[in-house]
Structure formats: structure tokens, C-alpha cells
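First the structure, in the form of C-alpha cells, and then the observations on it.
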Amino acid sequence: MKRFLVVNIACLYVLLLAAGCSGKAEGGAAGINAKGLYFYYCSHCHGEKGNGQGYNAKNLDPSPRDHTDTEEKYMKDKSNEDLFKAVSKGGKAVGKAPLMPVFGNTLSEAEIWALVGYMRTLHANSAPKVTIPAEPEKHERPKPPAVARGYYKTLAEKVTDKDKGAMIAKGEQLFKEKIGCIACHRVGGEGGTVGPFLDRSGFRLQPEYIFRWAKNPQAFLRNTKMPNFGLSDEDALAITLYLGTLKAGPKEAHPAEEILLPREKELLQSGQI
Ligand code: HEC
Ligand code: HEC
């Protein structure tokens, strides 16, 4: 865990470097580095160039969308509003796979518009220019409520032995199919490698810690790549109970791989971030 802490605290400033660069986006874009946002929050899946070939793409089915429209002309026919919705509300909200996460509880509206503007520079299209809203509140990142210490215990105490099995099954379904946590976390040799492997959560992590991560990742690490999914208490509880059952032995657990991209390592080592 320590390693993640160091990495992310060091990353806090990465988005503030380099000005401008939101491609076709215009108006009120001051301070938003859309290219940097894309690199930091999207490139592990979509690739730095947007061709859908990030290092995590091989773990995902369906594959991340190719934002350059090289193989298939797809992006060009989407409206700016369609793209905003997909990024803000996630793949599931637009009839696509939940492996495309929800960013609307994490990034500001202005940042998401800037990302739409940036994606528009990656492929040919006739969409109108993206205008970034000028209202100050649209530039503020959402602030999901903090989860008080001990709150998890009050919820967990109410779960009867009779209900527990069904909740664990629901948690697994949410994790793998409905919310798509598996896009970044590996369990039983399946899933992404953007975040830590979770097959030994039952040994490694306290339930309260899992619950609080699930509800509000930014409260742990302000600039973690894990977005806030806006989970209800009930869903976060079910996921926590499920992860608590994962007790793979060291041999069965998926071996840890490098989680940092070479370029991120370089940035860290050279003290740029
Ligand atoms: C964990 C991997 C992952 C991350 C991170 C991710 N995406 Fe995706 N994205 C996907 C996958 C997988 C799909 C394809 C979903 C499908 O076709 O069912 C997708 C699809 C999309 C689409 C197309 C939606 C549509 O209507 O078909 C857009 C736009 C998009 N992503 C933008 C982004 C942006 C912008 C970011 C960063 C803020 C991002 N994605 C981060 C995995 C990811
Ligand atoms: C876009 C990728 C991504 C998605 C999707 C994602 N996470 Fe994460 N998660 C991370 C990263 C990265 C970390 C490690 C913290 C860091 O370095 O930012 C993390 C950390 C965690 C941790 C702490 C693990 C530890 O070893 O300390 C838990 C628990 C967790 N995530 C649960 C979830 C759950 C539950 C979901 C689904 C609701 C989820 N994650 C979805 C990327 C993701």
C-alpha cells in the first residue's frame, strides 16, 4: 500500500504542468490540461495515442474503443453530448460495457468537456467545437461525502447469517459484471492490472478499509486513478463482503506485475511530478 501512497502523492501535480492543449476545445479552458488528463485517467486502457491499445487493453473484453477511428469509423458519428455522457456516466449508461468506468463523480464537468474536445482531435469528424462551460461550479470536482470511521461496522452488524450468502453473490456480480471493478483489479487470473490484485483481499485488507475505498477512493488518495462510482451503501457492503471471501494462497494469487507505466516511472524518478 505504501508504494501506492508514494506514487499518488507524487502525482498530485502532474495535471497542473503544461498549459492549454485542450485541442479543439475552446472557451474557459484555462488551467485544464486535457491531454494530461487523458494520459493520466484514460491511456492505460485507450492508449496514449487513443488507438485503444493501452497496456491494460489485453485484459478487457470488449476492447477499449479506438478513439482514432482507424479500424472502424465510430467516433465520428457520435455527438459531443454522447461522448460526454459515456465518460461522465460510464459505458453502462450508453448501452456499452461497464468496463468503461464512470468519471462524473470524480472529474469536473469542465474537465470532461475538455476530454471530449481532446478526443475530437484524435479522429476526423464534423462535430461542432466543444465549448467548455465558464461557470465556476462546473470547474469544481465533485466532493462525495466522507465515510465516517466505524460506519461500516454499523452496516455489517445488521447483516444476518441468512442474508450473507446472497449478499456475497451480489457483490461478486457487481464487481465483475455490473460496476466493472474488474476492469482494473485482477481476481482469479481475470481482470485488469491498473490497480492492486485483489485475490487475497480476505487476508490482506480490513473490511472497513475496503468499504471506504469503494465509497470514496479520493478520500484515501486525492489523485488516484480509481474513479468514484457513486456506490450505494448496500452495493459497497455487498462488494466488501465478497472481497472478504477472497483468500487465494500466494501460489494461486495472480503474481504482481509492474503497475506503473515506464513513462510514469521516468516522471517520478526525474522528480518532475
Ligand atoms: C479500465 C479501462 C478504461 C478506462 C480507464 C477508460 N476507458 Fe473508455 N472504454 C473502455 C472500454 C472497455 C470501452 C468499450 C466499451 C464497449 O464498447 O462496450 C470504452 C469506451 C469508451 C468510449 C466510447 C463509448 C461509446 O459510446 O461507445 C469513450 C468515449 C471512452 N471510452 C472515453 C474514455 C475516457 C475519456 C477515459 C478517461 C477519462 C476512459 N474512456 C477511460 C475502457 C476504459
Ligand atoms: C480505473 C481503474 C480502477 C477501477 C475501475 C477500480 N479501481 Fe480500485 N484501485 C485502482 C487503483 C489504481 C488503486 C490503487 C490506488 C492508487 O494507486 O491510486 C485502487 C485501489 C483499490 C483498493 C485498495 C487496495 C489496496 O490494496 O490497498 C480497493 C479495495 C479497491 N481499489 C476496490 C475497488 C472496487 C470495489 C472497485 C469497483 C467499485 C474498483 N476498485 C474499481 C484502480 C481502479
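Readers should treat all values here as calculations from the given coordinates under stated rules, not as data from a laboratory. All values derive from a computational prediction rather than experimental measurement. With ideal geometry, Cβ positions are generated from the backbone for all residues, glycine too; neighbour counts draw on all protein chains shown.
Net charge within 15 Å of GLU72 by Cβ-Cβ distance, Lys/Arg positive one each and Asp/Glu negative one each, not counting GLU72 itself?
Working: positive: ARG65, LYS73, LYS76, LYS78, LYS96; negative: ASP66, ASP69, GLU71, ASP77.
Local net charge: +1.
Between the DSSP loop rule and a limit of at most 12 other Cβ atoms within 10 Å, which GluC sites (Glu not before Pro) in the stretch 154-203 are left?
Here the GluC sites (Glu not before Pro) that fit, given the DSSP loop and packing criteria, are GLU157.
Report, ordered by chain and residue number, the aspartates and glutamates lying within cross-link reach of LYS225, taken as a straight Cα distance under 14 Å and ignoring same-chain residues fewer than 8 apart.
Partners within reach: GLU264.
For LYS73, go through the aspartates and glutamates and keep the ones whose alpha-carbon is under 17 Å away, minus same-chain ones fewer than eight residues off.
Of all the aspartates and glutamates, those that pass the test against LYS73 - Cα under 17 Å, at least 8 places apart if same chain - are ASP82.
Please tell me which of these pairs span more than 29 angstrom C-alpha to C-alpha: LYS78/LYS176; LYS89/LYS251; LYS85/LYS162; LYS143/LYS170? Intermediate values should be presented prior to the final figure.
Details: LYS78/LYS176 27 Å; LYS89/LYS251 37 Å; LYS85/LYS162 39 Å; LYS143/LYS170 27 Å.
With Cα atoms farther than 29 Å apart: LYS89/LYS251; LYS85/LYS162.
What's the local net charge at GLY104, with K and R +1, D and E -1, over the other residues with C-beta under 11 Å away? If you can, show how the numbers build up before the last one.
Numbers: positive: LYS85, LYS89, ARG141; negative: GLU109, GLU111.
Net local charge, GLY104 excluded: +1.
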